[in-house]
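These notes concern the structure reproduced below.
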Amino acid sequence: MDPFLALDVAQSEFDRRLSTVTDAQWETPTPCEGWTVRDLVIHVISGNKMTVRILGGGSKEEAMADLEGSPALRAERDLYAAFVASADEQAKAFREPSALDRTVHHPAMDMSGAQQLGFRTGDLALHAWDLARAIGGDEQLDEDLVQHVWDGLQPMAPFIGEIGVFGTGPSGGVGEDAPLQQRLLDLSGRRP
């Protein structure tokens with residue numbers, strides 16, 4: 001799958017679930033320990049904003065501040081509109097000439113814009129599932145997107161649980177014959 005198409009599909013998957021969140025669901029817990037639906041959505045928007053900043057030359061410190069979520073974002077009443085705007089900005093930033101070749105200063109480490117694109121695509125896809133699970137929505141992700149994210153994460157299987165952002169990593173209880181989405185969710189520390 002083309003990496004730009006994968007990002008578009010991942011953003012669409014998240015958007016599709018977010019557009020159905022009701023007022024009563026914002027404080028609902030998600031599969032992400034300690035996060036409500038509101039926290040999850042703020043995390044995704046913050047990640048989009050951080051990406052735009054680091055693709056534009058922002059520092060690691062600025063990126064970390066973006067990830068914490070600004071007070072204005074935490075007070076935002078229309079998180080759906082904020083997501084759409086931030087996703088559009090992120091998509092444009094990735095498509096700028098040489099964006100994928102740039103070195104960006106992510107809080108975890110310096111990396112290429114191409115690697116950041118993979119991270120954001122995976123983050124959006126996996127959090128689309130988290131959001132669906134939290135609100136009782138459609139949990140089935142686009143099959144090509146699942147394959148794309150799997151291809152990026154699977155090589156990290158031996159140490160993914162040590163990174164600190166994927167829970168404990170794979171459980172060891174999901175066989176190679178399980179559907180790929182189930183294997184991806186398990187690899188990323190989710191236990192559906």
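Quick note: the coordinates plus some simple rules give every number you see, no bench work behind them. Given the structure is predicted, the values throughout are model-derived calculations rather than measurements. Quick reminder, even Gly has a Cβ in these numbers, built from the backbone with ideal geometry, and neighbours come from all protein chains shown.
The set of residues in the stretch 133-151 being surrounded by 15 or more Cβ atoms within 10 Å (Cβ to Cβ) and of a type in the set (Gly, Ala, Ser) consists of 134, 137. Is there any pair linking a residue in the stretch 1-29 that is under 21 Å from residue 92 (Cα atoms) to one that is loosely packed, with under 14 Cβ neighbours inside 10 Å, with Cβ under 8 Å and at least six apart or on different chains, and which? From residues that are under 21 Å from residue 92 (Cα atoms), the pairs are 1/144; 4/95; 6/144; 9/144; 16/138. For the stretch 36-51, a residue qualifies if it is farther than 15 Å from residue 107 by Cβ, out of contact with any His (no Cβ under 7 Å at 6 or more places or on another chain) and not polar (S, T, N, Q), and the qualifying residues are 37, 38, 39, 41, 42, 45. Among residues of the stretch 70-100 being part of a helix (DSSP H, G or I) and acidic (Asp, Glu), the one that is surrounded by the most Cβ atoms within 10 Å (Cβ to Cβ) is 89.
In this structure, residue 36 does not satisfy being more than 16 Å from the chain's Cα centre (by Cα), surrounded by fewer than 19 Cβ atoms within 10 Å (Cβ to Cβ) and among the β-branched types (Val, Ile, Thr). State which residue pairs qualify: first residue without any contact (Cβ under 8 Å) to a residue 60 or more places away in the chain and on the phi < 0 side of the Ramachandran plot and inside the stretch 161-176, second residue outside any loop (DSSP other than H, G, I, E, B) and among the polar types (S, T, N, Q) in any location, beta carbons under 9 Å apart, and separation of 6 or more residues or different chains. Every condition considered, the pairs that remain are 174/182. Within the span defined as the stretch 162-173, one or more residues are surrounded by fewer than 17 Cβ atoms within 10 Å (Cβ to Cβ) and among the aliphatic types (A, V, I, L, M). With respect to the conditions (1) in a helix (DSSP H, G or I); (2) under 15 Å from the mean Cα position of the chain (by Cα); (3) crowded, with 19+ Cβ neighbours inside 10 Å, residue 31 falls short on a single one, namely (1).
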